[in-house]
Structure formats: structure tokens, C-alpha cells
Amino acid sequence: MKRILTIVCLLLCGLSSFAQVPESLSGITRSTKSYLIADYNPKDTAFLKEKCRQADLDLGLSVLANRLSTDSKYVTPKPSEHILIQGELHLQLSIDDEQTEFAVYHSDLFDQPANINVLQIGEELITYRTTERTGNINLFYGCVRGAFGTKRSAHSNNTTVYKLWDTPERTLLPDLELQEKMAQTEAKKLAKTDYPLLIFNDLISYSYNNLGDLAIGRFLDTIHKYNPGKLLQADLLTPTSWHYLSRVNENQLWNASMRTKIVETLTEKQDFYRKRQMPWMIGNFQINLADKNRKATTMEELEWFLSKAAAFDAGFGLDFSAETMRKHGFTDEMLLTINNWETLRFANAFSEEQKEAFKDPYGDWHIEKVDDSSYLLYPQHISRRYFCNFKEDSWQWNTPFTSPFALCITVEGKGSISDVYLETPNDTLRFPCTLKAGQCLIYDFDGMAFITDMNYNKIKEIETQGVALLNEGSSDVSFFCNVTTEEKRSPYVTVRFMTRGEATQLSTDN
């Protein structure tokens, strides 16, 4: 409830700031240009700049200028009086310096979520694992006394206990006085960097003090004063932030689960920001490497997201770390694909009918560049993953297009497969090769086949035999291969196919 009231205060208190707009803000650049989120590692800056040039992206740096780490001089060994207090509690009974369970009188403060659960009593910080309400008291369990290197002490009953603001980054927050000091230090530091875009997420946390939205305005004014030539972006629009921001991105991270229930929400957000004359970004897309919990991001997943950005004529943040760029086999292809989609978006090359089609959460699309001004737009069908049991692998593949098909065959676990072939109603497609665990076989629409690792780095090209063609509708397909087990375990094999419909020509010369 308190957080909701804070947001209301942002809107009410901030109204007064409209009359105090610095003259230097009259030339603020506003656009929906997409950006790459930097690692904040100076060693990677030149590398990331070159990748931004390939994709025509801004290079953005995420900034959190009001975080107090638990090992900072403001926290330990003696807590500063400028740590932000969320509210006051009171001890029910006295406690010695060893107790790990104790009680306070109940407060609405416990209705607000916390991350590291920090209390302050005098000069001692205490963390607790859980709290439980019993009548008008709250019991704390699993307490760590003298947390973060502070000094344990005994405390008498009814002593004031401060509940401190904390954050998802497991840090604490400063009060207004310290926040403004930290903002000036950060602003001077940022002025020495050459990142053209500064990104402020969790902007609302800068208002958790007695000035509310005015504190946000003062913070952004300090950043702007030392960085007048840089673009400022945040995840929240308030009356004071409006004057300083080039655009807003609410920091929504996109993934496969967002193929449902997106259109209505995004339409509402787009209308909200349009009415307030503020460019809106569609969120962030993260490109991952393969690990034990997920597969590496594919080109098809990226283009699905890019079609949604085009549908709403919105930019986005690209969460593509320098390490991932260096290890992902499709990095350059991905950056060029982003460039293609964004070039067409800014050239208004997509018709309103195409934008509506892009909004289909289950629709997939592909763009190919023909020359500097001409492109081809293909509707694309991407199948589910088919799992191989090596006994009766006969499937019915359904596609809305009569089309050549592309393939991705992955091998995981233990062992290998070899001499892979598929029988379709039109032909038999053979791959005379061996695929080991941890490898993929990629067969593209140009008829080229190659073996990659799980991050799509090419290991070798292979020759194919036969024609890959599916008819519109349902086709009976059979999968065959030789299987080599390892440690008495068979490999885990999946197959996925893709088809494309008739292309539409697009031009940037419209």
C-alpha cells in the first residue's frame, strides 16, 4: 500500500516541477531508437561500439546511483545516519546480544516486500529470515545479530527499531541528503565515459524520501548538468522525469512465454505514452548462451521479437553481453538482422496491415536484404520440437506453406548419432555425418548443412543428398539414424523444422 501511495505522491508532488524546467532541456532528443545494454567494463567498450555500429544501435549504460552495498563505509562497521529508513517499530521485550528470535509490535510496514530484511537498533544491524504475526506482535526468526560487521548489543524493551529500505540487488538505500551527494559523484564519473545513453532502472527508488517525485527531478537534473550531451532513459514516467528523458523503457524482459496475452497490454501502454508525448520502448530482449537450464537463443526467436517491436513501432533494449557476443555463433548475423528490421521500421516500410499481422503472438517472420533499399519479408512457420525414440520415429508434419524446409537437429546427453536421413512424400534427405552429444545439425533454406556446437558455432560443413520439400497441410515424415550409446546411455535427440511462405517486397524508398 505504501508503494502505491508513493506513486500517487509522485504524480501530485511533481506537478509543481513543470514551472521549473531548465532552459538546457529544451533540446532534449526523443526517439525510439533501440540500444545495446553495455557491460560497464571499459575493456569491452570499443568492442561493443563496433557491434552497435553493425546493428545501428545506441550504446547504453545501466546506472544505479543510489545503492549502498552492505560492505560500504555507510553501512559498516558503524551504520550512517543517512541510511534510508522505511519506518519505525518498537521492541516488545528487552533482548541480550545473543538472541536470534525476538518480537516487535506489529506495523503495516510488514505488508511491504523486502529482500534482505534489515533492521537497525542503535548502531547494530540485524537481518531476519522470516517474520510471523501473532496478535499485535511480529516474531522474527533466524536473526543474524551484528549483521555486516556491525557491533552486537543488548537492547531494552520498547526501544525503537528501524526497518531499512533494501533492494533486489541486496543493497540498502540512502536518504535524500546522501542520495544527492552520491548523484553528484556518479554524474561526474559518468561525464568521463563516452556512453551516449544512460539508463536509469528502478527510478521510483529515488523518490523513497520526503521529497517524492521532486527528488527524482533533482537527481536527473544533477545527472543532466554534468552530462548535457547524453540521452537519459528510465523505466518510469513522472511529472519531473518527463522533462529529462529521451524515452521510457519499462524494462520488461521478453521470452518465449510471452507468445500469449501480449497484444492488449502493449496496445494500452503504447496509447498511454503517445498521449503523453513520450517515446515508448517495448522492453528488453536477452540473447543467451546454452547452459544446463536453457538452449542458446536462436535467430527465429530474435526475429519473432523484432516483429513485435515493428508491430508497435517501438524500440527495445538488447541484453547481449560482450562475453555472449564472442561465444555465440550467430552474433554477426543477429546484429545484421536487427539492422534490417530497424531500418525498415524507421523508414515506415511496413504497412498497417503488416503491423497488425506482426501482433499475432504465434506469428513468425523473416527478413532478407536484397540491396541497400530492397528487402523481402517472409511469413515463417516454426514447428514444435519432435523427440526421437529411435524405434518408430514417424511423424505428421503440418505446415501452412508448400515450401522447402530448414532443419535443426540437436544431440544432447551421451553418445552420438550418424547417417541421419528423413523420408518425406517428396524425397529422402540424407546427412552422411556423425553428430556427437553437445552438437547440432543445421540445414538452412539455401540447402547448406553444417555441424555446430550448442551455441551455433560452426564445426564443419557437410554434404547433403536429396531435396527438402513439404507440401501445404499434413505430410508423413520418418526419421532414421544409427545410434551409438555411451556409458550404456542413448543420446537425447530433437528435431525441428521450418517452412516459409511467399515473400513480400519491401523498400526503404517509400
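The values are calculated or read from the model by the stated rules, or taken from the named source; none is laboratory data. What you see is a predicted model; the values in this text were computed from it and never measured. Every residue, glycine as well, gets a Cβ built from its backbone with ideal geometry; the counts of neighbours run over all protein chains shown. SASA here: full protein model, heavy atoms, side chains in, ligands and nucleic acids out. Shrake-Rupley method; radii C 1.70, N 1.55, O 1.52, S 1.80 Å.
Entry for region 445-499 at q = 0.19, 0.20, 0.22, 0.24 Å⁻¹: log10 I(q)/I(0) = -1.05, -1.13, -1.25, -1.32, Debye formula applied to identical alpha-carbon scatterers, no solvent contribution. Under the convention that each Lys and Arg Cβ holds +1 and each Asp and Glu Cβ holds -1, the size of the dipole of region 219-359 around its Cα centre is about 320 debye. The dipole here belongs to the chain: it is taken about the Cα centre, uses +1 on the Cβ of Lys and Arg and -1 on the Cβ of Asp and Glu, and is about 1080 debye. Determine the alpha carbon to alpha carbon distance for each of LYS181/LYS269; LYS327/LYS355; LYS33/LYS269 and list only those over 23 Å. Correct reply: LYS181/LYS269; LYS327/LYS355. A dipole drawn for region 347-437 from +1 and -1 charges on Cβ atoms has a positive end, and of PHE431, GLN396, VAL411 the residue lying farthest that way is VAL411. When the charge dipole of the chain is built from unit charges on Cβ atoms (+1 for Lys and Arg, -1 for Asp and Glu) and taken about the Cα centre, the candidate among TYR244, THR171, GLN380 whose Cα reaches farthest toward its positive end is THR171.
Selection among ILE459, LEU441, GLN92 by position relative to the dipole of the chain gives GLN92 as farthest towards the positive end (Cβ unit charges, Cα centre). Listed here are the pairs LYS49/LYS192; LYS49/LYS458; LYS51/LYS225; LYS43/LYS225; LYS49/LYS188; which of them are more than 20 Å apart at the Cα? Too far apart for the 20 Å limit: LYS49/LYS458; LYS51/LYS225; LYS43/LYS225; LYS49/LYS188. When both region 35-90 and region 277-291 are represented by their alpha-carbon centers, they are found 18 Å apart. Taking all protein chains together and a 1.4 Å probe, the residues LYS292, LYS73 rank LYS292, LYS73 from largest to smallest accessible area. Given +1 at the Cβ of Lys and Arg, -1 at the Cβ of Asp and Glu and no other charges, the dipole of region 31-136 around its Cα centre is 780 debye to the nearest 20.
The equivalent ellipsoid of region 299-424 has semi-axes of 31, 20, 13 Å, largest first, where each one is the square root of 5 times an eigenvalue of the Cα gyration tensor. Computed on the chain, with alpha-carbon pairs under 8 angstrom and 6+ residues apart, the relative contact order is 13 percent. Largest first, the residues LYS163, LYS355 sort by 1.4 Å accessible area into LYS355, LYS163. Ordered from highest to lowest accessible area with the whole protein assembly present and a 1.4 Å probe, GLU123, GLU81, GLU250 read as GLU81, GLU123, GLU250.
Loop-located trypsin sites (Lys or Arg not before Pro) in region 423-510 (DSSP state not H, G, I, E or B) with no more than 11 neighbouring Cβ atoms inside 10 Å: LYS488. Global dimensions of region 160-234 from alpha-carbon coordinates: Rg and Dmax equal 13.3, 47 Å.
Report, in whole Å, the centroid distance computed from the Cα atoms of region 125-188 and region 195-254. Using only Cα atoms to place each centre, the spacing works out to 26 Å.
Based on alpha carbons, the Rg and Dmax found for region 178-336 are 17.7, 51 Å. Compute log10 of I(q)/I(0) for region 36-100 with the Debye formula, placing one identical point scatterer on every Cα and leaving out solvent, at q = 0.12, 0.15, 0.18, 0.29 Å⁻¹, to two decimals. Computed log10 I(q)/I(0) values: -0.61, -0.72, -0.85, -1.19. Close amide H partners of ILE116, meaning residues 5 or more places away or on another chain with modelled amide H under 5 Å apart, are THR167. Of the accessible area of the chain, computed with a 1.4 Å probe over protein heavy atoms only, carbon and sulfur atoms account for 48 percent. For region 405-416, backbone phi angles converted through the Karplus equation (6.51, -1.76, 1.60; θ = phi - 60°) give residue-by-residue couplings of 10, 9, 9, 9, 10, 10, 10, 10, x, 10, x, 7 Hz, Gly and Pro being listed as x. Of all aspartates and glutamates in the structure, those lying under 15 Å Cα to Cα from LYS295, and not within fewer than 8 positions of it along the same chain, are GLU412, ASP453. Per residue, the accessible area of the chain comes to 48 Å², computed with a 1.4 Å probe over protein heavy atoms only.
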